[in-house]
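Shown next, in structure tokens, is the structure this report addresses.
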Amino acid sequence: MQIVDTHQHLWDLDLFRYSWLDLLPALNRSFLMADYLKATQGLNVVKSVHLEADVDEPCMLDETRHLLALADQADNPLEGIVACGRPENSDFKSYLDKIAGHPKLKGIRRVLHTQLDELGQGQTFIENVAALSNYGLSFDISVLARQLPIAINLVSCCPAVSFILDHCGVPQVKERILDPWRARIAEIAKFPNVVCKLSGLVAYADPQKWTAEDLRPYVDHVIASFGWDRVLFGSDWPVCTLSASYKQWVEALQSITESAGKMNQKKLFHDNAVRVYRLS
């Protein structure tokens, strides 16, 4: 089966600074395209979308330009870039003007799960996210399960924007907590301009002893809520390596969804991603 990975990361510590890595020694090294190609070897990953990795703010513009140049090369599967941005800033649109227009630029993300809840609720933030529709860009939502009401409010205020909910809304997999996450996923799924990534789950599972069955309740509920046309596969590599190899995560998700048939799996692993991220 051909795979489109809608959530890969790269970071080159020789070029840019990622302060959050100081707290994660296992990830505090460069992860380059050569490493990604090695991790995906034999898995038929035909396209990928790079998600910004919360680079330090002074590096945002240079990192985005660096990644767009990488995506223009023919020796890798990169077909889309979701760039770092700060919608809470008054100069957000001038930043967009500096990067907009590149065909590989697909969207913007601002990580919210590490920030105070107020950030994603500010009027400037909401207005700037709403403006993404004027640029033909989507917005990836990165929130904790308890922050899903913030995401729901944001989506409700921006009906013209295409939203992608990352990592299933970050449920507490290790703790086996399903509620109130389930109700909030069902609520945000009611908005037709939202799709959901089946990504990140292994990173939130028990790193020593997770199984595919530990992930199944979360996968099944997301699919039941969003339907097979609004779910996307994402590896969350290299963050997933805290608990699993790339191949282990792919095989777990294939196992969980096997009973749904090849046609639905093709939507999840390939077709929906091409449509949602407007890939060539």
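The values are calculated or read from the model by the stated rules, or taken from the named source; none is laboratory data. This one's a predicted model, so the numbers in the text were calculated from it and none came from an experiment. Don't worry about glycine lacking a Cβ; one is built from the backbone with ideal geometry, like all the others, and counts go over all protein chains shown. Protein only, heavy atoms only, side chains kept; ligands, DNA and RNA dropped before computing areas. Shrake-Rupley method; radii C 1.70, N 1.55, O 1.52, S 1.80 Å.
Data table
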{"quantity": "Filter pass, Arg146 being closer than 23 Å to Ala53 by Cα, part of a helix (DSSP H, G or I) and of a type in the set (Lys, Arg)", "calculated": "yes"}
{"quantity": "Leading residue by the ranking (surrounded by the fewest Cβ atoms within 10 Å (Cβ to Cβ)) among those in region 172-192 that are in a loop (DSSP other than H, G, I, E, B) and of a type in the set (A, V, I, L, M)", "calculated": "Leu178"}
{"quantity": "Criterion violated by Val195 - all others in (1) closer than 22 Å to Ser235 by Cα; (2) assigned to a loop (DSSP other than H, G, I, E, B); (3) in contact with a strand residue (DSSP E or B) (Cβ under 9 Å, 6 or more places away or on another chain) satisfied", "calculated": "(2)"}
{"quantity": "Selection within region 196-212 - open to solvent by 50 Å² or more (accessible area, probe 1.4 Å) and closer than 18 Å to Asp179 by Cα", "calculated": "Tyr204"}
{"quantity": "Among (1) in contact with a His (Cβ under 8 Å, 6 or more places away or on another chain); (2) open to solvent by 20 Å² or more (accessible area, probe 1.4 Å); (3) of a type in the set (D, E, K, R), the one test that Arg216 misses", "calculated": "(1)"}
{"quantity": "Residues of region 123-141 that turn out to be surrounded by fewer than 18 Cβ atoms within 10 Å (Cβ to Cβ), on the phi < 0 side of the Ramachandran plot and either outside any helix (DSSP H, G or I) or small (Gly, Ala, Ser) (or both), as a count", "calculated": "3"}
{"quantity": "Cβ-Cβ under 7 Å pairs, at least 6 apart or on other chains, region 126-153 side among the small types (Gly, Ala, Ser), far side in a helix (DSSP H, G or I) and open to solvent by 50 Å² or more (accessible area, probe 1.4 Å)", "calculated": "Ala130/Cys157; Ala131/Lys93"}
{"quantity": "Failed condition for His167, given (1) within 16 Å of the chain's Cα centre (by Cα); (2) open to solvent by 40 Å² or more (accessible area, probe 1.4 Å)", "calculated": "(2)"}
{"quantity": "Spans of helices (runs of 4 or more DSSP H) in region 1-99 with at least 3 residues in contact (Cβ under 8 Å) with a residue 24 or more places away in the chain, open to solvent by less than 70 Å² (accessible area, probe 1.4 Å) and under 30 Å from Asn264 (Cα atoms)", "calculated": "33-39"}
